[in-house]
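Report on the structure given below.
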Amino acid sequence: MKILILNGSPKRKGSTSELLGRMAGLLLAGCRIQYASLPMKSESSRGQAVAEIMRQFHDIDALILAAPLYVDGIPSHVLEFLQQAEEFCVKNGCHFFVYAISNNGFIEGVHNKSHLRMYECWCQRAGLTWGGGVGIGGGEMFHCLFVYYPIVFAALIAVNLIRYCVMGTGIAFSDWRPLIENIGVCVFFNCGIFYCMARLSMGVRKLRRMKNRYTRVMVPAFLFIPMADIFMTITALFNGKIIFTLLKQDDGNHSEDT
């Protein structure tokens, strides 16, 4: 079975959609997996990259599209690709299953409902089989937790190994207790996402149509909202280079209004 996993995030690196696509690939171990990322409309090589992606439509069994929710819908560069892909599939008689993974910054996964419905409608127009999708709430927090906890795990393991090798002390169960507790917390916060992704992967393996599932990071709303506000503010400051602009020295050259 050949599966194409398509990353529809406008972020070139480190996106939640890319992470979820890679997770799906790991859960589909044993299948022939191809990864691709949709280029932005401003990229000069977009035409060639899109043509290469659509050439793979001839011999794939399933397409998994991972993309974020933008303004309750499809990102513009993904929408343009779907319009081109629709013409290609109709013209060439392509037949494969389509699955989607949608994530957003809201706390509830059900906000992705309209997004997944759009992909289902696109499948009907393109003559493809809609297999179902997963809508994930709190996508950025899932990404942060997925990065944070492996670092904590590695640090705890390193501390215990150094204590054993350098100090010569034995490793007791109490030394590993923080690691076990952190693993439990990580699994708890993301258990809904892990379950839905595993379920989606099982459906892809069997080329089965499924109902859309919606899940979220299991963080209480009263904690999620202030944490998300702080995270997005810090991200906006650095991505927008506001800090660097504020710290930039004045060169003294000013033009006077006439």
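Read-outs throughout are calculated quantities, based only on the coordinates presented, and are distinct from any laboratory measurement. Small disclaimer: the values here were computed from a predicted structure and weren't measured. Every residue, glycine as well, gets a Cβ built from its backbone with ideal geometry; the counts of neighbours run over all protein chains shown.
So here's what we get for this one:
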| read-out | value |
| --- | --- |
| Greater than 30 Å apart at Cα, pairs in K13/K113; K2/K41; K13/K91 | K13/K91 |
| Antiparallel bridge percentage (DSSP; both residues within the stretch 2-74; nearest 5) | 10 percent |
| Dipole in debye (nearest 20) - the stretch 42-108, about Cα centre, beta carbon charges: Lys, Arg +1; Asp, Glu -1 | 140 debye |
| Loop trypsin sites (Lys or Arg not before Pro), the stretch 1-98, which have at most 14 other Cβ atoms in a 10 Å radius of their Cβ (DSSP) | K11, R12, K13, K41 |
| Summed side-chain charge close to T16 - residues other than T16 whose Cβ falls under 15 Å, Lys, Arg +1, Asp, Glu -1 | +3 |
| Förster radius 30 Å - calculated FRET efficiency between K2 and C144, Cβ distance, rounded to 0.05 | 0.35 |
| Cα-centre dipole for the stretch 1-62 with unit charges at Cβ (Lys and Arg positive, Asp and Glu negative), debye to 20 | 200 debye |
| Net charge, A36 excluded, C-beta distance under 12 Å - Lys, Arg +1, Asp, Glu -1 | -1 |
| Amide H contacts of N103 (H built 1.01 Å from N, under 5 Å, at least 5 apart or other chain) | A67, L69, I136 |
| Amide H partners (placed H, <5 Å) of S37, local residues excluded | N7 |
| Three-way shape call for the stretch 11-61 based on the alpha-carbon gyration tensor, with the a/c threshold at 1.5 | oblate |
| The stretch 16-66 versus the stretch 96-169: alpha-carbon centroid distance in Å | 17 Å |
| Relative intensity, log₁₀ I(q)/I(0), of the stretch 23-123 from a Debye sum that treats every alpha carbon as a point, q = 0.17, 0.22 Å⁻¹ | -0.87, -1.36 |
| For the stretch 27-33, 3J(HN,Hα) per residue [Karplus equation, 6.51 cos²θ - 1.76 cosθ + 1.60, θ = phi - 60°, Hz, x = Gly/Pro] | 6, 9, 3, x, 8, 7, 9 |
